[in-house]
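Step one of this worksheet: look at the structure below.
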2 protein chains.
Amino acid sequence: MDRRDFLRTGAAVGAAGLGRLVAFPGMSLAAPQVPGQEASSSSVVRLNSNENPLGLSPSARLAVEKAIPEANRYPDAAREELAEALAAKLGVTADNIILGNGSTEILQVIVQASNAPQGTLVLADPTFEAIAWYQRTLTYATEKVPLTSGFAHDIQQMKDRVAAGKGPAVVYLCNPNNPTGTLTSCAEIDAWIEAAPETVQFAVDEAYFEYVKAPGYWSAIKWIQDRPNVIVARTFSKIYGMAGMRLGYAVAHPETARRLREYLTWDNANSLALAAGLASLADEGLEARGRAVNEVALTITRNCLDELDLGYLPSQANFLMHRINGDAKEYIGRMRERGLHVGRPFPALPSYNRLSMGLPEEMELWAEALMDFRQKGWV
Amino acid sequence: MDRRDFLRTGAAVGAAGLGRLVAFPGMSLAAPQVPGQEASSSSVVRLNSNENPLGLSPSARLAVEKAIPEANRYPDAAREELAEALAAKLGVTADNIILGNGSTEILQVIVQASNAPQGTLVLADPTFEAIAWYQRTLTYATEKVPLTSGFAHDIQQMKDRVAAGKGPAVVYLCNPNNPTGTLTSCAEIDAWIEAAPETVQFAVDEAYFEYVKAPGYWSAIKWIQDRPNVIVARTFSKIYGMAGMRLGYAVAHPETARRLREYLTWDNANSLALAAGLASLADEGLEARGRAVNEVALTITRNCLDELDLGYLPSQANFLMHRINGDAKEYIGRMRERGLHVGRPFPALPSYNRLSMGLPEEMELWAEALMDFRQKGWV
C-alpha cells in the first residue's frame, strides 16, 4: 500500500535550508503549535502528495485532543453531527451526505454499487488513479480518454465512449483534474448531465474544489436533488489539511446515498477525524488561509519556472504540473537527493512533474534546487 | 450507520452513581488523565458495545498527541511500521499482515475477495453480524447454523452445510463468539481446517482473543503459513481500547494477504490510529490491565446474577450474555431510563441480554439497577 513514498529516512535538508524554514518572515499563515506538541520531525520537504502544508487547523488540533478520552468508543453519534454540519454548509440535508474513509472510499463504493456485467467506466487520461484501481476487481470495461490539448476532460470523446458501451456507464470527472490541476468547463459538464439517461452514473470528484479561483467554475452539487445519477465526492484531505485523518464525503440524492451506504465499511470514519472535521467546518478562516498560502506558493513556483522558461499548466489546485526538460524519474531522484520529494511519474506526461505546493519557504528551497539543476544542465 | 446507539443526550446517571464512580477505591487500573485533557463528558454508562472502559493506554494517548502535527500527511510509512510491529509480536512477517479500517473491513474484503457465483457463506446464529451484512451486496447463499446447546459453533452442522453447497464456501468462525462470549473447541476447528479443501475459506474472527482465560484455547494463526485458506481477523478495538480509532488487521498467507489487499480502501488506517496502535503494542502492561479490570467487572456481574438466580453463559470475553426473565427490548429501555446502556436485542436469544463490561464501579451501578428491577418484579 505504498503508492506514495514518504521516505522518512531520506536525505536531510541542508542546514541552510532548515534555517530558512524557521526564519521565513512576513506571513503567519501556518497553524500555531499547540502547547506541548512537538514540531514535525520530518527531515524532508514533501511536495509530492498534494497535502496541505498548514496541517490541521488549530481548532481541529484542540478538538482531536479533546476527543482522545472517548477514542475507545464507537463513533456513531459524531458521524451524525458531522453529516448535519456538512449538510448545513452545503445547503442540503443529512440524507444527502455519506461519509467515507477518505474520498477514496467514496470512489470505491461508487464503482462497487454501479457494477454491472456490461458496464463501462469512462475516465480521463491522466486523472486520479483510485477509481481505475478499484474497478480492477469488478467487471467494467475501462475506457481512458486523453485530455484535450487544453488539458480539460474531452467531454465529446467521453460521451462517444459511453454511447459505444454495451450497458450502463460510470463517468469519472475530476474537476479540477489531478494530476494536471486544470479545469473542465462546468457548462459542458452540465449539458451532458442534462442530456444523459439515468444509466450514466456521474462521479464528480471535487477534491480540490475549495482551491479554484477561476470564474465560471461551480460544483455539480446543484444536480443532486434532481438527478440520482450524479454523485459529488469531496474530501477533508486537501484544504482542510486532514490527509492523515482519512475523511471524505459524497453528496448525492437520498436514494443514491442509501444505495452507496450498503457498500461502506462500518464505522468508516475514525472518531478523532470526525472531531477534527467538525472543528474544521466551524473554523471560518480555514479555507481563506489555505488559499492564501497556496497562492503565495504558486507565485514563487511560477516565477521560478518563468525565469527558467519551463512551461506549466494553469493550476486551479494546490499543485502544479510543469515541464522538466528530461526524464521524470531522474528528476525526482535528483530532487530527493536534496531532501525534496516532488511528484511521481505520470506515464501520460513523461516530461512533466507534478509539484505539490508546500509552505512558501519550502517552495523557495525547491526553486533554489531547480535553479541549480539548470546550472548543471539537468532541466 | 447507527447500528449501535450512543445516545449522548440520554438520562444522566444519578448524583450518587457519579459519586461512586469517582470514589471507587483500591484499583488504579484506569488510564490516568493526560494533563490538559478533559474527562469524558458522557452522562451515560455505556455497557452495550463491547468497548474497553479503560480507554486508550496512556502511551497511546501521548502518541496520538505527538502525531497530530503530521496528521496532514498521508500515513504510508506508519502503516509499514505497524505491520512490522504486529509481525514481530505474532511471530510472522509483515507480508502476512494486512491492516484494516477496523477488523470489520477485514471481514468485508474476505467476502468480497472470495465471492463466487455458487458460493456459500456459512456462519453461526447468533454471531457477529458484520460479515452477513457485507455479503448482502454479493452473490452468496447464506447458511446460518444455530449454536450448539453449549453455545459453541456447531462444527458438524457447519461442515454439512458447506458440503451441501454448490461451490466454494466462506466459513465464519467467531471465537470467542460475539454476542455469547462462548468458545468453540480449537481442536475441533483444527480438525476441520486440516481436512478441508482449499475451496473452503476459513475466516476466524479473534476480536476477543486477548480476553480468553480458558485452557485449551489457541489462535488459528498457527495455520496461516501452510493454509492459504485460513484468515485470522484481529482488532485494536477491544483489549487495546481503540474502538473509535478504527484499526484492525488480518493475519494470512502472503498470497492470501496480497489477494485481500486488492479490495482494501486506500490508506485505510488513520495516521493517529497507527500511532496509537504502535504505542499500544509497545505497552507491555496493557493486556494484563485490560484482563484484570475485565475480571473484576465479570465477578461483580456474576455475583449479582447469582444472587438473583439469573443464568448466564460462560464468558471468555469482555461481555456476558445473561437471562433477564422477560423481553429484551423492554429491559433495555428500562435500563436506559437509568442512564445505563445495555445490549441490544439479539433475535436468536430473546430472553437474554448482552452486557458489556465497564469499569467495576459502572458494573455496580448496573447491579444496583438490576436488584431494583427484581424488587419491581421486572426480572
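Quick note: the coordinates plus some simple rules give every number you see, no bench work behind them. In this text, all values refer to a predicted model and were calculated from it rather than measured experimentally. As a convention, Cβ positions derive from the backbone with ideal geometry for all residues, glycine included, and neighbour counts pool all protein chains shown.
Details
- Taken one residue at a time, the phi angles of the stretch B:85-97 give Karplus couplings (6.51, -1.76, 1.60, θ = phi - 60°) of 5, 5, 4, 4, 5, 8, x, 10, 10, 4, 6, 8, 10 Hz. Gly and Pro are set to x.
- Paramagnetic reach from B:Arg344 in the stretch B:233-256 [backbone N under 12 Å; point 7 Å along Cα→Cβ]: none
- Using the Cβ-Cβ distance between A:Ala195 and B:Arg261 with R0 set to 30 Å, the FRET efficiency from 1/(1 + (r/R0)^6) comes to roughly 0.15.
- Taking every DSSP beta bridge that has both ends in the protein assembly as shown, the antiparallel portion is near 40%.
- With contacts taken as Cα pairs under 8 Å and at least 6 residues apart, the stretch B:61-282 reaches a relative contact order of 28 percent.
- Percent RCO, i.e. relative contact order, over the stretch A:178-241, from Cα pairs under 8 Å lying at least 6 residues apart: 40
- Based on the convex hull around the alpha carbon atoms, the protein assembly as shown presents an average projected area of 32.7 nm².
- Under 5 Å from the amide H of A:Thr235 lie the amide H atoms of A:Tyr249, each residue being 5 or more positions distant or on a separate chain, with H modelled from the backbone and absent for Pro and chain starts.
- With a Förster radius of 30 Å applied to the beta-carbon distance between B:Arg302 and B:Ser149, the computed FRET efficiency rounds to 0.90.
- Seen through its C-alpha gyration tensor, with square-root eigenvalues sorted a ≥ b ≥ c, the stretch B:61-282 comes out prolate because a/c lies at 1.5 or above while a/b is bigger than b/c.
- Take the Cα of A:Ser43, go 7 Å toward its beta carbon, and the backbone nitrogen atoms of the stretch A:357-379 under 20 Å from that spot belong to A:362, A:365-366, A:369.
- 3J(HN,Hα) along the stretch A:367-376, derived from phi through the Karplus expression 6.51 cos²θ - 1.76 cosθ + 1.60 where θ = phi - 60°, amounts to 5, 4, 4, 5, 4, 5, 4, 4, 4, 7 Hz, with x in place of Gly and Pro.
- For the stretch B:100-115, 3J(HN,Hα) computed residue by residue from phi via the Karplus equation (6.51, -1.76, 1.60; θ = phi - 60°) reads x, 7, x, 6, 5, 5, 4, 4, 4, 6, 4, 5, 5, 5, 9, 5 Hz, glycine and proline entered as x.
- Under 5 Å between amide hydrogens, built in the peptide plane, is the criterion, and for B:Gln201 it picks out B:Ala169, B:Val170, B:Val171 among residues at least 5 positions away or on other chains.
- Estimated distance in nm for a label pair at B:Asp309 and A:Ala187, the labels positioned 7 Å out from Cα along Cα-to-Cβ: 8.4
- Above-threshold pairs, the threshold being 28 Å between Cα atoms, out of B:Lys66/B:Lys89; B:Lys166/B:Lys329; A:Lys89/A:Lys238: B:Lys166/B:Lys329
- Peptide B:266-279 has a mean of 6 when you count, residue by residue, the C-beta atoms of other protein chains within 10 Å of its C-beta.
- Averaged over the residues of B:48-54, the number of partner chain Cβ atoms lying within 10 Å of the residue Cβ comes to 2.
- Per-peptide average of other Cβ atoms within 10 Å, ordering A:106-114, A:122-130 highest first: A:106-114, A:122-130
- Separation of alpha-carbon centers, the stretch B:151-211 and the stretch A:338-354, rounded to whole Å: 49
- Residues B:Thr104, A:Thr299, sorted so that the one with the fewest Cβ neighbours within 10 Å comes first: A:Thr299, B:Thr104
- Nitroxide proxy distance, nm - points 7 Å out along Cα→Cβ at B:Ala163 and B:Asp327: 4.3
- Contour minus Cα-Cα distance for A:Ala116 and A:Lys222 (0.36 nm per residue): 35.5 nm
- Here A:Glu364, B:Glu284 are placed in order of increasing Cβ neighbour count within 10 Å, fewest first, which gives B:Glu284, A:Glu364.
- Shielding of peptide A:58-64 by partners, expressed as the average count of other chain Cβ atoms within 10 Å per residue Cβ, is 2.
- A straight line joining the Cα centroids of the stretch B:109-148 and the stretch A:222-264 runs 28 Å.
- Each DSSP beta bridge with both residues in chain A is either parallel or antiparallel, and the antiparallel ones are about 40%.
- Long-range amide H partners of A:Asp125 with built H, under 5 Å: A:Val145, A:Leu147
- Sequence-separation-based contact order of chain B, relative, with Cα cut under 8 Å and 6+ spacing, percent: 24
- Neighbour cut-off at most 10 other Cβ (10 Å), DSSP loop, GluC sites (Glu not before Pro), the stretch A:170-237: A:Glu198
- As a proxy for reagent exposure, A:Ser280, B:Ser43 were ordered by neighbouring Cβ count within 10 angstrom, fewest first; the result is B:Ser43, A:Ser280.
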